[in-house]
Amino acid sequence: MKTIADRYNPQEVETKVYQDWEKAGYFKAEDQSKKPPFSIILPPPNVTGFLHLGHALDHTIQDLLIRWKRMSGFNAMWLPGTDHAGIATQTVVEKELKKQKILRHDLGREKFVDEIWKWKNEYGNRIYNQMRRLGDSCDWNRATFTLDEGVSAAVKKVFVSLYKKDSIYRGLRLVNWSGPLETAISDLEVDHVVTKGFMYHINYPVDGTGELLTVATTRPETMLGDTAIAVNPEDDRYKHLIGKTATVPLINRKIKIIADTYVDKEFGSGVVKITPAHDFNDYKIGKTHKLEFINILTRKCEMNENAGVYQGLKVVDARKKVLEDLKALGFFVKEEPHTMSIGHCSRSGAVVEPFLSEQWFMKMEDLATPAKRVVESGTIRFEPESWTKVYLHWMNHIEDWCISRQLWWGHRIPAWQCEACEKFTVAETTPTVCEHCNSTKLKQDEDVLDTWFSSALWPFSTMGWPNESPHSVETQKTFYPTNYLVTGHDIIFFWVARMIMMGQEFKKDVPFRTVYIHGLVRDSQGRKMSKSLGNSIDPIEMIDKHGADALRFSFLAHLFSGKDFKFSEQRVEGYRNFMNKVWNASRFVLSNLQDFKVPVEGVKALPARAHLSVFDHWIIAKLAEVEKQVHDALENERFSDAATALYQFVWNQFCDWYIEFTKPIMNSAAAEEKQTTQLVMAQVLNRMIRLLHPFCPFITEEIYTNLPIKGQACIIDQYPTVLNDKDFLAFASKDAELEVDMVKEVITAIRNIRGENRISPAVKLNIRLGVTQDDVQKILSHNKSAIMNIARLENMEIGADGDMNKCAVAPIAIGESRMKVIIPLEGLVDFNEEIKRIQKTIEKLEKDVGLLHGKLSNEKFVQNADPDVIANDRILLQQSKEQMVSLKDALTRFQ
RNA sequence: AGGGAGUUAGCUCAGUUGGUAGAGCGCCACCCUUACAAGGUGGACGUCGCAGGUUCGAAUCCUGUACUCCCUACCA
C-alpha cells in the first residue's frame with residue numbers, strides 16, 4: 001500500500017492524472033453503443049482566445065454533467081471546438097501585423113488570410129491546453145473548427161437552401177457600421193456608452209414665409225444628408241408649415257416639411273431634421289414618407305462627395321467645421337449639455353455609424369415560428385425557467401438578420417455576381433455560368449458571413465451533417481439532439497435562438513433538450529471583469545495557485561440558478577482547504593488500512609452485520625442520505641445543493657465524527673471489530689471519492705489509485721446511487737442514527753460547557769450523566785469509551801443526578817430520551833461564567849415556553865393546525881419546562 | 001419606454017407544499033488533542049427592503065411602494 005503526501009499538492013498530480021486519462025482513452029465516446037447516449041456540444045471559444053473565468057465556469061458545469069453521466073453508465077460525448085470569430089481574430093492579426101508596419105490592404109486578401117491561418121495554427125491549441133488544465137473531459141478526437149471543410153460544406157448547403165426558398169435576400173439597408181474595420185457589425189458587437197455631449201439648436205429658413213424653424217440635434221454634421229424636416233401633426237406651432245419646404249443651411253438643399261407622430265412635441269424644439277441614411281429612426285420615417293436617402297459617408301466613415309466642401313473630413317472634424325460655419329452664417333442658435341448613449345464598436349472602440357449599404361439578410365419570421373413552438377411546448381426547456389419568457393419575447397419581436405460582413409476572415413458568401421446582368425448565382429460549388437444570362441463573367445461576392453451563421457449550425461455541422469458517410473450518419477443518429485446546452489444569458493438571442501431555428505429547419509428536430517443558462521462571472525464586488533478596471537482574473541493562475549479542483553468546486557458550490565457569479569479568490573482558497581481535508585481524511589483512512597486484507601469481492605465486499613459498530617451503521621446511513629441528496633440535486637440541475645451536500649458529508653459527518661469515533665477502535669479494539677471497521681471505512685471512502693469525482697476529478701482520481709478497494713479508474717467507475725449501492729446501504733440503521741445522535745449531543749454539551757467556561761482541553765474532566773431511563777443508560781454505557789475519548793474525560797459516571805452542588809448542568813432531550821450532563825466545577829473555574837451560561841439558557845427556554853404556551857392555548861391554533869405540528873409543540877413545551885426547572889435548580893446550587 | 005430578476009447575518013448566498021430563520025467566508029475567545037494550523041472547539045451577529053392584507057400562524061401567499069441590477073429599444 002502506498003502512502004500519500006501529508007499535504008495535497010495539486011501541481012504534482014494534475015498533469016499526470018490528465019495524461020493518464022487521455023492515454024487510456026476514457027474521454028472517447030462510441031458512435032454506436034449499447035449504452036444510452038448523453039451528449040453536449042461545447043460552445044466554441046474563439047480560436048485565438050484565452051480561457052477566461054466565464055469559460056471556466058461554463059466548462060466546469062458541462063464537465064460535471066459529462067463525468068456524472070459517464071460514471072452513470074451513459075455513452076457520454078462532449079464535443080469540443082473552436083470558433084474562427086471573424087472580427088475578433090481578424091482584428092488581432094491585423095494589430096500584430098501593424099506592429100511590423102504591414103497593413104491588411106497592402107498584403108491583399110489571400111496573403112492576409114494566410115497570415116491568419118498561420119496565427120491560428122500557432123495559437124489554436126492554446127485554449128485546448130488550458131481546457132485540459134481545468135480537467136475538461138472532452139472527446140478530443142471530435143474537436144472541430146468552424147472553418148473546417150465539413151462545417152464549411154454545411155454552411156454552403158444552408159445558405160443555398162435558404163436562398164432558394166427566398167429566406168435569404170440581398171437588400172440596401174441601414175446597418176451598424178464600424179469605420180476602422182470597414183464592415184457591418186451585429187448589435188452584439190455594439191457597446192452602448194453613456195456620454196456627455198451637446199444638443200445643438202440650428203435654424204432652417206422656411207421657404208417663402210421668412211420664418212425660421214429651429215431644429216435640435218446632437219449630430220449637426222448629418223444635416224448635410226437631411227432630406228426632410230418633421231413636426232408633429234398635432235403641433236399648433238408648426239401646423240401651418242406642413243407641406244412647405246425649407247432650406248438646409250450650408251448646402252442650400254430644399255427639403256419638405258412633413259408631419260409624423262414620431263415627433264415628440266415636448267422634446268427639444270419639437271422639430272426634427274430627418275437624415276434617413278444616417279439614423280435608424282430617420283430611416284423608418286424616410287421609408288414611410290418615401291424620402292431621398294443621401295449617404296454622406298465613405299466606408300471609412302469620412303465625409304464623401306455628397307458633403308461638398310466637407311469631403312474628406314472625419315466625422316468629428318466635420319462636426320466642428322459645420323458648427324463654425326453655422327455660427328459664421330448666423331444659423332446657429334445655441335448649444336445645451338446633453339447626455340446620451342452612443343454605440344461603440346466593441347472591437348475597434350470607434351463610434352458606430354448607421355450606414356446605408358448593400359447587405360445579405362435572412363428572413364426570420366418563418367424560421368421563428370417552429371422555434372417558438374418547441375419552447376412553448378416544452379420540447380426545449382430553459383433552466384432557469386424565467387428565460388423562456390425572455391426568449392419568446394424576443395422571438396415575437398424578431399427582425400431580419402444581417403448576415404454579411406465586409407471582412408476577409410470567415411465563410412465567404414457562396415454567391416457570384418454576373419458582370420453582364422448583375423444578378424447573383426448562388427451555389428454550393430463555384431458556378432461557371434450565370435444562371436440568369438449564361439454569361440461566364442462571374443465574380444464571387446467579397447463578403448463573408450457573420451460568425452454566428454456557422455455557429456447556428458454547430459450542433460449538427462460538428463456531427464458531420466450534411467455528409468452521408470457511415471460515421472457521420474451514426475454520430476448524428478446517436479447524439480443528435482444533444483442533452484444540454486450550457487451557456488451564459490448574453491448569447492441567448494445571438495446563438496441559442498438561431499441554433500433552435502436551424503435545427504428545426506434542417507434536422508427537423510431540436511438541437512438540445514435543456515438549455516442551462518448560468519450567470520456571468522463578475523468580480524467580488526459585482527463589477528464586470530475588464531482589462532481597464534484591472535479586475536480580471538486568469539483561471540490558469542487560480543489553477544496554478546490553488547488547483548483546478550478548488551476552482552471547480554468554488555464554482556459549483558456557489559452556482560445559484562442563473563444569477564451572476566461573484567468570483568472571489570478567497571472562496572477558492574476555502575475549497576482548496578476542503579481539498580486538503582479530503583486528502584487528509586483519505587490519508588488517515590489509508591494509514592489505518594496498512595494491515596487490511598483486501599477482500600476478493602472488492603467493492604462488492606460487505607461487512608458481517610454482527611460486528612458492525614454503531615458508528616459504522618450510522619455513517620452508512622449518512623452515506624445513503626448523501627447519495628440520495630446528490631442524485632436528486634444533479635437530476636434537477638441544483639449543482640450547488642449537490643456540492644454542498646457532499647461538502648457537509650465529508651467534513652461534518654465523515655471527518656468530524658466518523659474518523660473520531662473510529663480512532664479508539666483502530667487503536668485498541670478486538671481484531672475482529674477492527675477488521676469490520678476497516679472494511680466499512682474502506683468502502684465508505686471509496687464511495688465518497690466516487691461521489692466527489694465529477695466535482696473535483698483530479699484529487700479524487702489520485703486518491704482512488706491508492707485505495708485498497710477500487711475499480712479500473714475513478715473516472716469510469718460507477719457513480720453510487722441508493723439503487724446501485726443498495727446492498728451496502730442496507731447496513732444503514734435508524735437505531736444507530738438515534739444512538740449516535742445521543743452520543744454526539746452529550747459530547748457537544750460537554751464541549752459547550754468547556755468552551756464557555758474556558759476550561760482548557762488539556763484538563764481531563766470528571767463528569768456525571770444523570771439518566772433514569774434504562775435504555776438510555778444502556779446506550780450511554782455502551783458508548784462510554786467513545787464519549788470519554790472525544791470529550792477528553794478522566795471519569796464518567798452514569799446514573800442518578802446525585803449532588804449537583806456547584807456543577808455545570810446541561811439537559812439533553814432527544815425524542816423520548818432525557819439526560820443531564822453534570823460537571824462539577826469546584827476548583828476548576830470561577831463560577832460566574834457558568835452562572836451566566838445557565839442564565840442565558842434559562843432566558844432562551846423561558847422565551848420558548850412563553851411562545852409555545854401561547855400557541856397551544858390558542859383555541860384556533862389547536863383547531864386548525866396540523867396534528868403533527870401540535871403534537872410536536874406539546875413535546876417541545878414539556879421538554880422546555882422540564883429543562884427550565886432543572887436549570888433553575890442547578891443555579892441555586894451556586895449560592 | 002418595454003421586458004426580466006432581485007432586496008434574508010459584516011460579505012456571498014440557501015431557505016422545495018405557510019409551523020419558533022440556515023451555510024460558507026469574515027469576526028471574537030481558547031487550543032500545535034497522534035489525518036489535516038490549508039486544522040480543532042466554543043462564541044457573537046438578522047424587525048427576512050417598507051406598508052397594508054389573507055391566516056390561529058407569513059421570509060414564504062396577495063396588493064401596493066421604494067431601491068438595485070440585467071436585457072431590449074433608445075428622444076432628435
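A few comments on the model shown:
- Selected residue (criterion: least open to solvent (accessible area, probe 1.4 Å)) from residues of segment A:533-550 that are free of Cβ contacts under 8 Å to residues at least 60 places away in the same chain and away from RNA strand B (no atom under 15 Å from the Cβ): A:534
- Residue count, segment A:283-311 (criterion: away from RNA strand B (no atom under 14 Å from the Cβ) and open to solvent by 50 Å² or more (accessible area, probe 1.4 Å)): 12
- Restricting the search to strands (runs of 3 or more DSSP E) fully inside segment A:754-817 and requiring at least 1 residues that are in contact with a Phe, Trp or Tyr (Cβ under 7 Å, 6 or more places away or on another chain) and within 13 Å of RNA strand B (Cβ to nearest atom) gives an empty result.
- Residue in segment A:355-364 that is more than 30 Å from residue A:91 (Cα to Cα) and either in a strand (DSSP E or B) or within 16 Å of RNA strand B (Cβ to nearest atom) (or both) present: no
- Applying the set (1) surrounded by 20 or more Cβ atoms within 10 Å (Cβ to Cβ); (2) within 27 Å of the chain's Cα centre (by Cα) to residue A:125 leaves exactly one unmet item: (1).
- Where helices (runs of 4 or more DSSP H) sit wholly within segment A:640-738, those with at least 3 residues that are modelled with pLDDT of 95 or more and surrounded by 20 or more Cβ atoms within 10 Å (Cβ to Cβ) occupy A:671-692, A:697-706.
- Across segment A:551-602, the qualifying residues are those that are over 20 Å from the mean Cα position of the chain (by Cα) and of a type in the set (S, T, N, Q), and the one among them that is farthest from RNA strand B (Cβ to nearest atom) is A:594.
- When segment A:105-116 is limited to residues that are part of a helix (DSSP H, G or I) and closer than 18 Å to residue A:411 by Cα, the one that is most open to solvent (accessible area, probe 1.4 Å) turns out to be A:110.
- Applying the condition of being within 7 Å of RNA strand B (Cβ to nearest atom) and in a loop (DSSP other than H, G, I, E, B) to segment A:851-895 and asking which residue is surrounded by the most Cβ atoms within 10 Å (Cβ to Cβ) yields A:865.
- Selection from segment A:235-249 of residues that are modelled with pLDDT of 80 or more, more than 14 Å from RNA strand B (Cβ to nearest atom) and not hydroxyl-bearing (Ser, Thr, Tyr): A:236, A:239, A:240, A:242, A:243, A:244, A:246, A:249
- Enumeration of residues in segment A:459-479 that are open to solvent by less than 10 Å² (accessible area, probe 1.4 Å) and in contact with a strand residue (DSSP E or B) (Cβ under 6 Å, 6 or more places away or on another chain): A:459, A:479
Let's see how each residue does on (1) closer than 23 Å to residue A:511 by Cα; (2) without any contact (Cβ under 8 Å) to a residue 24 or more places away in the chain:
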| site | (1), (2) |
| --- | --- |
| A:369 | yes, yes |
| A:372 | yes, no |
| A:379 | yes, no |
| A:394 | yes, no |
| A:426 | no, no |
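- Of all the listed residues (A:779, A:822), the sole one being in contact with an Asp or Glu (Cβ under 7 Å, 6 or more places away or on another chain) and open to solvent by less than 10 Å² (accessible area, probe 1.4 Å) is A:822.
- Selection from segment A:380-417 of residues that are assigned to a strand (DSSP E or B), of a type in the set (Phe, Trp, Tyr) and more than 30 Å from residue A:90 (Cα to Cα): A:382
- Residue identified as over 23 Å from residue A:661 (Cβ atoms) and over 48 Å from the mean Cα position of the chain (by Cα) among A:845, A:793, A:825: A:825
- Pick from segment A:134-173, criterion aliphatic (A, V, I, L, M) and open to solvent by 20 Å² or more (accessible area, probe 1.4 Å), ranking: nearest to the chain's Cα centre (by Cα): A:143
- When every residue of segment A:260-282 is checked against the conditions, at least one turns out to be within 8 Å of RNA strand B (Cβ to nearest atom), in a loop (DSSP other than H, G, I, E, B), among the acidic types (Asp, Glu) and surrounded by fewer than 19 Cβ atoms within 10 Å (Cβ to Cβ).
- In segment A:551-597, the residue that is most open to solvent (accessible area, probe 1.4 Å) out of those that are in a helix (DSSP H, G or I) and of a type in the set (S, T, N, Q) is A:570.
- Scan of segment A:521-532 for residues that are within 14 Å of the chain's Cα centre (by Cα) and open to solvent by 40 Å² or more (accessible area, probe 1.4 Å), ordered by number: A:522
- Close pairs from segment A:483-507: first at negative phi and open to solvent by 10 Å² or more (accessible area, probe 1.4 Å), partner away from RNA strand B (no atom under 16 Å from the Cβ) and among the aromatic types (Phe, Trp, Tyr), Cβ under 6 Å, at least 6 apart: A:483/A:38; A:507/A:460
- Residue in segment A:609-624 that is open to solvent by 40 Å² or more (accessible area, probe 1.4 Å), of a type outside the set (Phe, Trp, Tyr) and in contact (Cβ under 8 Å) with a residue 40 or more places away in the chain present: yes
- Single residue of A:341, A:348 found to be among the hydroxyl-bearing types (Ser, Thr, Tyr) and open to solvent by 50 Å² or more (accessible area, probe 1.4 Å): A:341
- Note on segment A:633-650: residues that are within 11 Å of RNA strand B (Cβ to nearest atom) and closer than 19 Å to residue A:58 by Cβ total 3.
- Residues in segment A:488-529 that are within 14 Å of RNA strand B (Cβ to nearest atom), closer than 24 Å to residue A:462 by Cα and either among the aromatic types (Phe, Trp, Tyr) or in contact with a Lys or Arg (Cβ under 7 Å, 6 or more places away or on another chain) (or both): A:493, A:494, A:495.
- Matching residues in segment A:598-626 - criterion: being more than 12 Å from residue A:676 (Cα to Cα) and assigned to a helix (DSSP H, G or I): A:602, A:603, A:604, A:618, A:619, A:620, A:621, A:622, A:623, A:624, A:625, A:626
- Here segment A:8-29 is the region considered, the condition is being in contact with a helix residue (DSSP H, G or I) (Cβ under 8 Å, 6 or more places away or on another chain) and in a loop (DSSP other than H, G, I, E, B), and the residue that is surrounded by the fewest Cβ atoms within 10 Å (Cβ to Cβ) is A:28.
The values are calculated or read from the model by the stated rules, or taken from the named source; none is laboratory data. This one's a predicted model, so the numbers in the text were calculated from it and none came from an experiment. Using ideal geometry, Cβ is built from the backbone for each residue, glycine included, and neighbour counts are taken over all protein chains shown. All accessible areas refer to the heavy atoms of the entire protein, side chains included, with ligands and DNA or RNA removed. Shrake-Rupley method; radii C 1.70, N 1.55, O 1.52, S 1.80 Å.
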